[in-house]
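Read the figures in this text as sums done on the coordinates, not as results from a lab. It should be emphasised that the depicted structure is a prediction, and the values quoted were computed from it without experimental measurement. Note: ideal-geometry Cβ built from the backbone for every residue, glycine included; neighbour counts use all protein chains shown.
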Amino acid sequence: MARPIVGITMGDPAGIGPEIVMKALASPEVNALCRPVVVGGADRLRLAGRLVHSNLEVRAVEAPSGQGAPPRIVDCVDVGLAPDELPWGRVSAAAGEAAYRYVERAVRLALDGAIAAICTAPLNKEALRAAGHAYPGHTELLAALSGTREVSMMLAAPKLRVIHVTTHLGLLDAIERIDPGLVERTILRGNDALVRAGIARPRVAVCAINPHAGEHGLFGRGEEETKIEPGIEAARRRGVVAEGPLPADTAFFRAGRGDFDLVVAMY
């Protein structure tokens, strides 16, 4: 089977991203799994390579190659925007603009089918905002660039997957944002993602907001009954195997021992 082409955005060119990318692409394991192509600034990537004493050579390209790069060569779709004199470790609008443009180009490549997936190196939210791009993180930025109205973040480890009802919000704002419709849609999104990944009938645990899942009104202001339970019931009517709302300690313990394929966390 052909290795998929994965576009790696370089992240903030003044940050740790370029160094991480050059170190990662020296791994034979990475290249055995995919055909990586960096989306960023070729000159900055070369500079980072020298800083970490990499023996890889960076090759600027216009678009990903169907054949992939030869051994010891890193292909970089060269967006530029990161001059050598850009200081490392300093927040700047110039670096924020560059990081935004790298993600923008990667999304375009993905939507055009030129790459199979995007892997993102770190960007700096302060620099992004200084450049006029007011996104709290990659999740919202990717959604905007792909024209996705509502999006959820899912974290995945070998034995645990967690999808968030709210992301990148303060706790008070998160609790206010949660409603039955959002809970239902998040459960359905997570369930559908696992079905597409080959789990025919995922088992979903839904977390509560309050300690002990509210203990029937002892904790909180009835959020479990008014905000979460109706969303779970609506998802069940759509055929989802969902249990909750569960206290977080119970949900994650049981997920860790294999009772669930997915945990839905409120924040």
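Give me the pairs: first residue in segment 66-87 and farther than 19 Å from Ala24 by Cβ and in contact (Cβ under 8 Å) with a residue 60 or more places away in the chain, second residue buried (at least 20 other Cβ atoms within 10 Å of the Cβ) and of a type outside the set (A, V, I, L, M, F, W, C), beta-carbon distance under 7 Å, and six or more apart or on different chains, which are they?
Partner pairs satisfying both residue conditions: Leu81/Gly41; Leu81/Arg101; Leu86/Pro13.
Whether any residue in segment 212-221 is free of Cβ contacts under 8 Å to residues at least 40 places away in the same chain and farther than 17 Å from Pro245 by Cα is what I want to check.
Pass one, segment 212-221, residues free of Cβ contacts under 8 Å to residues at least 40 places away in the same chain: 212-221.
Cutting the leftovers down to farther than 17 Å from Pro245 by Cα gives us none.
No - not one qualifying residue is present in segment 212-221.
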